[in-house]
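Below: one structure, written as structure tokens.
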């Protein structure tokens, strides 16, 4: 396995401020801590996907717009990377413009880890208002697996608790995509009680009952007016 030289991974000339900070860090903490800092900085950079100014300015009002960006990013990966599942987190502001696109995890050909704590930790750090999760299926089969549905259910409920909602989940390939929001699946998961905490369980039940009573009243009025 190839190893980095002792001086650590290369730092681009454009990052002059970070380079100066690392030089001060080396004097204060020594070469070992300095090497670790360079590695951490290098990892942080490769985890954030680079977006054009035009892509950042667009409002992500549809799954199609999100997929166009993700399709470009996935196609940019080499063939070896495309054969592994990736998990991305798209962080949006209140106007649905992209604040950041983070590569959270790279898995195997069949699965990728999704850690809710990591997802919301990054969302809070980046001051995101809304979230979109995206991951690829190297097989090309875009139908969500049971694990995909269960994980999305959990993130939806946690997003409601933290007032940072998940607004869509996409499963992508280089040729097509599946959107939870465009299907009835997202709406069903929003009504799910599986990951609703006990203290808000009855609030959820009352909300469902109120909606059912409202729909019943509407149907009764229509029947009377016939």
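Quick look at the values:
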item	result
Subset of the stretch 155-191 [farther than 21 Å from residue 142 by Cβ, in a loop (DSSP other than H, G, I, E, B) and touching a strand residue (DSSP E or B) at 6+ places or on another chain (Cβ under 7 Å)]	164, 165
Matching residues in the stretch 62-84 - criterion: being at pLDDT 95 or above and assigned to a loop (DSSP other than H, G, I, E, B)	62
Scope the stretch 115-140; condition without any contact (Cβ under 8 Å) to a residue 40 or more places away in the chain and within 22 Å of residue 82 (Cβ to Cβ); matching residues	139, 140
Residue identified as in contact (Cβ under 8 Å) with a residue 12 or more places away in the chain, touching a helix residue (DSSP H, G or I) at 6+ places or on another chain (Cβ under 7 Å) and in the same structural domain as residue 61 (by TED's automatic domain parsing) among 143, 74, 87	74
Residue in the stretch 129-136 that is modelled with pLDDT of 95 or more and in a loop (DSSP other than H, G, I, E, B) present	yes
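The values are calculated or read from the model by the stated rules, or taken from the named source; none is laboratory data. Every value quoted in this text rests on a predicted model; they were computed, and no experiment measured them. Neighbour counts are summed over all protein chains in view; Cβ atoms, including those assigned to glycine, are modelled from backbone coordinates with ideal geometry.
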